[in-house]
Structure formats: structure tokens, C-alpha cells
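Right, one structure below, let's go through it.
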Amino acid sequence: QVQLVESGGGLVQAGGSLRLSCAASGSRFSINAMGWYRQAPGKQRELVAGFTSSGSTNYADSVKGRFTISRDNAKNTVYLQMNSLKPEDTAVYYCYRDDPGRRYWGQGTQVTVSS
């Protein structure tokens with residue numbers, strides 16, 4: 001059973017930084033697509049940043065230049081460094097991981113940016 005455990009959310013003032021972590025366990029596959037979505041109240045879940053299975057990265061236009069995704073394959077962990085946070089970044093952030101034929105989700109971590 002694949003489990004994703006997220007940490008690092010919280011409350012921060014606009015312009016501040018947070019670092020999210022997502023540790024995966026239970027997967028038989030070492031190289032996976034993995035990354036972060038977010039969902040704000042009343043809005044659809046959207047991709048924030050992610051690694052494809054080939055290792056390339058994708059970012060939402062709204063976070064380019066401010067957020068950086070990274071991973072430690074030895075620890076099966078992906079990180080999201082979020083700088084210059086804005087109130088519109090407020091959302092629940094969900095980690096995901098793709099194994100063949102299935103996407104797994106973390107429980108979500110709240111990020112709140114005050115103005």
C-alpha cells in the first residue's frame with residue numbers, strides 16, 4: 001500500500017516562504033511521476049509543480065519563478081520550496097505519485113498566506 005505523508009504547511013505572511021515535503025512509502029517503483037496539486041475553496045484542484053517519469057518538471061504559470069520542486073530519490077521524497085508567497089497561493093496542497101495504472105494522493109496540507 002503506497003502512502004504519502006506531507007508536512008510543512010502553515011500560516012505565513014505575504015512575501016514569506018514555506019517548504020513542503022512529501023515522503024512516499026510502500027511503492028515497488030523507484031522512478032515515478034510525482035508532484036503537487038492545490039485546491040483553494042470553491043476552485044478546482046490544479047497542478048502546481050511536478051516531475052514527469054522522465055525527470056522533467058512542469059510548473060503552473062502562476063508559480064513560475066517563485067516555487068521550486070525537487071526530489072530525493074533515495075528518500076522517496078519530493079519537496080516544494082515556495083518563495084514570495086501571495087494570498088492567492090492559499091490552498092490545501094496535495095502531493096501525488098503515479099505508479100503504473102494508478103495515482104496516489106496525500107492527505108493534504110493547508111497553506112495560508114495572509115496579506
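Couple of notes before you dig in:
- One residue stands out among those in segment 6-51 that are at pLDDT below 95 and of a type in the set (A, V, I, L, M): the one that is farthest from residue 102 (Cα to Cα), which is 23.
- Enumeration of residues in segment 28-50 that are open to solvent by less than 60 Å² (accessible area, probe 1.4 Å), among the aliphatic types (A, V, I, L, M) and touching a residue at least 40 places away in the same chain (Cβ under 8 Å): 33, 34, 40, 48
- Criterion applied to 70, 53, 25 was being in contact with a strand residue (DSSP E or B) (Cβ under 7 Å, 6 or more places away or on another chain), exposed (fewer than 12 other Cβ atoms within 10 Å of the Cβ) and either free of Cβ contacts under 8 Å to residues at least 60 places away in the same chain or closer than 14 Å to residue 109 by Cα (or both), and the one residue passing it is 25.
- Failed item in (1) without any contact (Cβ under 8 Å) to a residue 12 or more places away in the chain; (2) aliphatic (A, V, I, L, M); (3) closer than 16 Å to residue 19 by Cα, with residue 80 passing the rest: (1)
- Selected residue (criterion: surrounded by the most Cβ atoms within 10 Å (Cβ to Cβ)) from residues of segment 56-67 that are closer than 20 Å to residue 98 by Cβ and among the hydroxyl-bearing types (Ser, Thr, Tyr): 59
- Applying the criterion of being buried (at least 21 other Cβ atoms within 10 Å of the Cβ) and among the aliphatic types (A, V, I, L, M) to the residues of segment 85-104, the residue that is farthest from residue 48 (Cα to Cα) is 85.
- Total residues in segment 1-22 satisfying the condition of being closer than 14 Å to residue 81 by Cβ and open to solvent by 70 Å² or more (accessible area, probe 1.4 Å): the figure is 1.
- In segment 47-103, of all residues being of a type in the set (Val, Ile, Thr), out of contact with any Gly (no Cβ under 8 Å at 6 or more places or on another chain) and in a strand (DSSP E or B), the one that is nearest to residue 26 (Cα to Cα) corresponds to 77.
The values are calculated or read from the model by the stated rules, or taken from the named source; none is laboratory data. Just so we're clear, the structure is a prediction, and the values are computed from it rather than from any experiment. All Cβ positions, glycine included, derive from the backbone under ideal geometry; neighbour counts span all protein chains shown. The area values use the complete protein model at the heavy-atom level, side chains included, leaving out ligands, DNA and RNA. Shrake-Rupley method; radii C 1.70, N 1.55, O 1.52, S 1.80 Å.
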